[in-house]
Amino acid sequence: MAANYSLDELAERLGGQVVGDGSIRVDDVATLDQAGAEQLSFLTNAKYRAAVEGTRAAAILVGPGTELPGRTLLVASEPYLALARLLELFHPPPARRPGVSPDARVAASAVLGADVVIGPFAVVEDDVRLGDRATVGAGCVIARDCELGEDTELRPGVVLYPSTRIGSRCLIHSGVVLGADGFGFATVDGEHHKVPQTGSVAVEDEVEIGANSTVDRGALGQTRIGRCSKIDNLVMIAHGVTLGDGSLLAAQSGIAGSTRVGKRAVFAGQSGAAGHLEIADGTVVAAKSAVLQDQEQGAFVAGIPAIDHRTWKRAQAISRRLPELWSELRETKARLDRLERMVANEDAGEDAE
Amino acid sequence: MAANYSLDELAERLGGQVVGDGSIRVDDVATLDQAGAEQLSFLTNAKYRAAVEGTRAAAILVGPGTELPGRTLLVASEPYLALARLLELFHPPPARRPGVSPDARVAASAVLGADVVIGPFAVVEDDVRLGDRATVGAGCVIARDCELGEDTELRPGVVLYPSTRIGSRCLIHSGVVLGADGFGFATVDGEHHKVPQTGSVAVEDEVEIGANSTVDRGALGQTRIGRCSKIDNLVMIAHGVTLGDGSLLAAQSGIAGSTRVGKRAVFAGQSGAAGHLEIADGTVVAAKSAVLQDQEQGAFVAGIPAIDHRTWKRAQAISRRLPELWSELRETKARLDRLERMVANEDAGEDAE
Amino acid sequence: MAANYSLDELAERLGGQVVGDGSIRVDDVATLDQAGAEQLSFLTNAKYRAAVEGTRAAAILVGPGTELPGRTLLVASEPYLALARLLELFHPPPARRPGVSPDARVAASAVLGADVVIGPFAVVEDDVRLGDRATVGAGCVIARDCELGEDTELRPGVVLYPSTRIGSRCLIHSGVVLGADGFGFATVDGEHHKVPQTGSVAVEDEVEIGANSTVDRGALGQTRIGRCSKIDNLVMIAHGVTLGDGSLLAAQSGIAGSTRVGKRAVFAGQSGAAGHLEIADGTVVAAKSAVLQDQEQGAFVAGIPAIDHRTWKRAQAISRRLPELWSELRETKARLDRLERMVANEDAGEDAE
């Protein structure tokens, strides 16, 4: 049976407050639509406010200042973080069962920390080092000389090319490929000659990388993913990129070769950056946009090429009215034609007088 | 030797008609360019009409009303569907060979239907249920508590995270990852805290998902792919998305978190939708476009942000003539300058008179 | 210990010249920032010229005509190609260790050339042919009737669907899926009926395909990747596409079904082409652009839809000044209003005289 907690207990854990009856007990968290009478729901996005009306939830988690008359509230200063904590509480991950599958192939020279998990059909090659409590999912391939830090987990089907380094407490999802060759060719007389990609990939602590994303190894030197960066699915990080700490890259975004992205940058879905750029700390790139030049600290850009977000927004609004603008110009010219003729006639008239 | 059929036989199977000699026998279907004298070709896209001239095909499958003088025709009311039926006829899939590979690892608690296939190096974890005639390709990983319906096939190298449900008669291509964690982080003071993704993925009957696409599990609740939806390669479906029945998502498109897409929506290649939107039934999104707001039933939109397709098209046409528009405006202003001076001079002249 | 070479020796190997002391010995190549005092660096992108100042490199590889006073130079006519050769010299790939892993499953009917490598948990099905020195990485799945040429390498986790042909000296990175079904459905009365994809994929010699890219099999006939084409990560090549020799497709680009791309075409990152197009030899498509119509030889296009690159650039420059243009038009009309009134008043005045 699921554990249940009173709102008072939850408020104490979260450092929050109850508005209403704190003795109410809940056994899970659910969306406003889906919550049952024994569940806590949450309102962290104003867009869903209308759903409060019909919810059956026993209480609602909100941020400070949100008023929902007639509802029992659990108020937290950071409600989305509180939601994360509640989900951890109600949905603890299944217990790890340390051990190396007899169906894994682990090189004798590999160094395994305490309590590692290696799943069936995983391959761990020579000189690999796995930190304590590292997890290697089924079917992963870890080439020679790779390193995983403590508590880092590779979900099933991850491939690490040689000499990839991953820090501690990272989570790498299925289908991710780290360390494949960068896209580098010397083209002479129409023939493309491969430039050997002799560098590597370094992923720092607490990074998460989404399913089927790829990070290529440097041509020389490292491709580096900074601490606590979070990368969504199907993202491409090219050779020699440096991603600052705490950056967020949404799905299907891409960073081309040798570009340096600062700390806490945000790339929204399907956006991208060209190669060899300097993108300063805190740059925010809107969805579908393409950064084609260096960006200064705190820039918020949109468009192809990406420009200041407000300028882009104003230009876009007018852009869809271009047919109107065009016809107004036509009309203005026609009026000008008439007026010129009138003035010319007057002159002629005056001359004729 | 390949089976062959007379055009009359084919017409009967398809409910079509032969124009010309129905006793002609054909042994395969091929494009106009590639068809040999013993083959049937087809004209289902007017773009290829010029290729009719040079084809060696014995006959041509067409829709009603298409006239190709001098050619033997097989006329079907839905020629593209007829083509599908003919390809099934001439290229039956290889016979299934039911059985569990001795190299697969199948948990004792897994429940296997009749005549399932499980390939080598596949992993089937605890409490998985496989429907009758389900196929699990080589190297697939099916985590605990997943379910596959009857006649559903996973091609080699698919990964299902825990509790993923797939209906009947689905086809999931290689490299697909279903149920990976959604991209959810609570950012407080520049630190990103993971929001546990406790939901799951539900794929309904007759869905096809292309190679290396990803569908993330809900943060809470399900990410749902509606019946008979067809998803191309490298597509991203984020956490909490609902995709209506019969939707079509072309390659490299993406739907951000919690967006609800209606029935029979179409997303063309490399298009996308932002999160938390309501996109009504039948919405069509042009290639490379980005839907950033709710869409009403039957909308056909294009652009970034996506607007009505016709408006976008007109605006685009003028957009490329912006330099011209700009210089016309400059010229108009210069004429106005001159005219203003003339009128001012006249006034001055009159005043001086 | 790493091999080291004098600049004179390197110049002789590369057909280049030393400017300065040719007896200086170097043991590796590194970027200007990273090079130590025993290393050779390079300047092949003018953007990094400022970094020459602070480099500790023993010498710098440059192209003809580059002057870096006070620096020892290794001058090569094609410096980027020279860099490729030097990286090969200083970083020879690890020796291959031919052999079939006892953990691979290789069909009895497969034909293996001399000195092939097949990694653990790889699956090689019936009638597959592997050329001499072909390499099949761990966990790859090669379905029936596929063929790999001499010296071709599949990195771990590649999936080949039945009857895929790959030429010689190709390199296919992890997570690539070749030959999955194309996205073809006949939609009748809102129901999507699968069109069997009965064709195949043919990859010619010296092709490289980046991690997690996908090439779909033809509906009928082949999807063909021309000789010496280079494809980056997460690229989508749809069914029936023909890619000419020596084409370059950067990351996350995509080519829709049946489009024919000429020789030495270039698709920059996140660009795409619609289906059923003819894109002539040497076409260059800018990043994020979408080709929606046929292209003539040597076209350089940008935008959505893609138009001539210069036109697009000019239009984009004005596009961001649209608010300005709009207000200038408003102002022009206001001036015209005033002037019309003045002229009308004059006329009225004259009439009244």
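What the table below lists for this structure:
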item	result
Hits in region A:61-75 - residues which are away from every other protein chain (no Cβ under 14 Å) and touching a residue at least 24 places away in the same chain (Cβ under 8 Å)	A:Leu68, A:Arg71, A:Thr72, A:Leu73, A:Leu74, A:Val75
Selection within region C:56-66 - out of contact with any Pro (no Cβ under 6 Å at 6 or more places or on another chain), closer than 15 Å to C:Thr44 by Cβ and surrounded by fewer than 23 Cβ atoms within 10 Å (Cβ to Cβ)	C:Pro64, C:Gly65, C:Thr66
Residue within region C:300-320 that is more than 8 Å from chain B (Cβ to nearest Cβ), in a loop (DSSP other than H, G, I, E, B) and at pLDDT below 95 present	yes
Candidate set: region A:145-155, residues that are within 14 Å of chain C (Cβ to nearest Cβ) and of a type outside the set (A, V, I, L, M, F, W, C); chosen: the one surrounded by the fewest Cβ atoms within 10 Å (Cβ to Cβ)	A:Asp145
Where a residue in region C:76-105 is within 15 Å of C:Ala3 (Cβ to Cβ) and at the interface with chain A (Cβ under 9 Å from one of its Cβ atoms) and its partner, wherever it lies, is polar (S, T, N, Q) and buried (at least 19 other Cβ atoms within 10 Å of the Cβ), with Cβ under 6 Å and at least six apart	C:Leu87/A:Thr198; C:His91/A:Thr198
Yes/no for A:Arg96 being in a loop (DSSP other than H, G, I, E, B), under 30 Å from A:Cys146 (Cα atoms) and either in contact with a strand residue (DSSP E or B) (Cβ under 6 Å, 6 or more places away or on another chain) or modelled with pLDDT under 95 (or both)	yes
Positions within region B:241-271 being among the basic types (Lys, Arg) and within 14 Å of chain C (Cβ to nearest Cβ), in sequence order	B:Lys263, B:Arg264
Residue in region A:267-286 that is farthest from the chain's Cα centre (by Cα), counting only those that are within 22 Å of C:Ala50 (Cβ to Cβ) and not in a strand (DSSP E or B)	A:His276
Looking only at region B:57-74, and only at residues there that are in a loop (DSSP other than H, G, I, E, B), within 15 Å of B:Gln39 (Cβ to Cβ) and hydrophobic (A, V, I, L, M, F, W, C), the one that is nearest to the chain's Cα centre (by Cα)	B:Ala57
Close pairs (9 angstrom Cβ cut-off, 6 or more residues apart or separate chains): closer than 19 Å to B:Ala287 by Cα and facing another protein chain (nearest Cβ under 7 Å) in region B:211-240, surrounded by fewer than 24 Cβ atoms within 10 Å (Cβ to Cβ) and aromatic (Phe, Trp, Tyr) anywhere	B:Lys230/C:Phe185
Answer residue from region B:280-292, given it is in contact with a Lys or Arg (Cβ under 7 Å, 6 or more places away or on another chain) and either in contact (Cβ under 8 Å) with a residue 60 or more places away in the chain or not charged (D, E, K, R) (or both) and is surrounded by the fewest Cβ atoms within 10 Å (Cβ to Cβ) among those	B:Gly282
Among the residues listed as C:Val106, C:Val18, the single one being closer than 30 Å to B:Pro120 by Cβ and among the β-branched types (Val, Ile, Thr)	C:Val106
Selected residue (criterion: modelled with the highest pLDDT) from residues of region A:29-41 that are more than 9 Å from chain B (Cβ to nearest Cβ) and in contact with a helix residue (DSSP H, G or I) (Cβ under 8 Å, 6 or more places away or on another chain)	A:Leu40
Pair list, Cβ < 6 Å and 6+ apart or interchain, from region B:247-260 residues that are in contact (Cβ under 8 Å) with a residue 60 or more places away in the chain to residues that are among the small types (Gly, Ala, Ser) and buried (at least 24 other Cβ atoms within 10 Å of the Cβ)	B:Gly257/B:Ala238; B:Gly257/B:Gly240
Enumeration of residues in region C:339-352 that are within 15 Å of A:Arg338 (Cβ to Cβ) and either of a type in the set (Val, Ile, Thr) or more than 8 Å from chain B (Cβ to nearest Cβ) (or both)	C:Glu340, C:Arg341, C:Val343, C:Ala344, C:Asp347
Residue check, B:Gln252 polar (S, T, N, Q) and surrounded by fewer than 24 Cβ atoms within 10 Å (Cβ to Cβ)	no
Some residue of region B:293-305 being surrounded by 20 or more Cβ atoms within 10 Å (Cβ to Cβ) and of a type in the set (Phe, Trp, Tyr)	no
Yes/no for C:Gly70 being on the phi > 0 side of the Ramachandran plot, at pLDDT below 95 and in the same structural domain as C:Glu9 (by TED's automatic domain parsing)	yes
In region C:91-104, the residues that are under 25 Å from the mean Cα position of the chain (by Cα) and either loosely packed, with under 15 Cβ neighbours inside 10 Å or among the hydrophobic types (A, V, I, L, M, F, W, C) (or both)	C:Pro92, C:Pro93
Residue within region C:161-177 that is touching a residue at least 12 places away in the same chain (Cβ under 8 Å), more than 8 Å from chain B (Cβ to nearest Cβ), crowded, with 23+ Cβ neighbours inside 10 Å and touching a His at 6+ places or on another chain (Cβ under 8 Å) present	no
Lone unmet requirement of (1) buried (at least 19 other Cβ atoms within 10 Å of the Cβ); (2) of a type in the set (D, E, K, R); (3) facing chain C (nearest Cβ under 9 Å) for A:Glu191	(1)
Condition met for C:Ile142 (among the β-branched types (Val, Ile, Thr), over 20 Å from B:Ile172 (Cα atoms) and more than 8 Å from every other protein chain (Cβ to nearest Cβ))	no
Residue count for region C:159-171, restricted to those that are under 22 Å from B:Pro120 (Cα atoms) and aliphatic (A, V, I, L, M)	2
Boolean, A:Val124 is surrounded by fewer than 20 Cβ atoms within 10 Å (Cβ to Cβ) and β-branched (Val, Ile, Thr)	no
Conditions (1) outside any helix (DSSP H, G or I); (2) out of contact with any Phe, Trp or Tyr (no Cβ under 9 Å at 6 or more places or on another chain): number failed by C:Lys47	(1)
Residues (under 21 Å from A:Gln222 (Cα atoms) and not small (Gly, Ala, Ser)) located in region A:268-282	A:His276, A:Leu277, A:Glu278, A:Ile279, A:Asp281
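Residues checked against (1) more than 16 Å from A:Asn233 (Cα to Cα); (2) assigned to a loop (DSSP other than H, G, I, E, B); (3) modelled with pLDDT of 95 or more; (4) not hydrophobic (A, V, I, L, M, F, W, C):
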| site | (1), (2), (3), (4) |
| --- | --- |
| B:Asn212 | no, yes, yes, yes |
| B:Val215 | no, no, yes, no |
| B:Gly218 | no, yes, yes, yes |
| B:Arg227 | yes, yes, yes, yes |
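The values are calculated or read from the model by the stated rules, or taken from the named source; none is laboratory data. Computed from a predicted model, the values in this text were never measured in an experiment. Cβ coordinates were reconstructed from backbone atoms using ideal geometry, including for glycine residues, and neighbour counts include every protein chain displayed.
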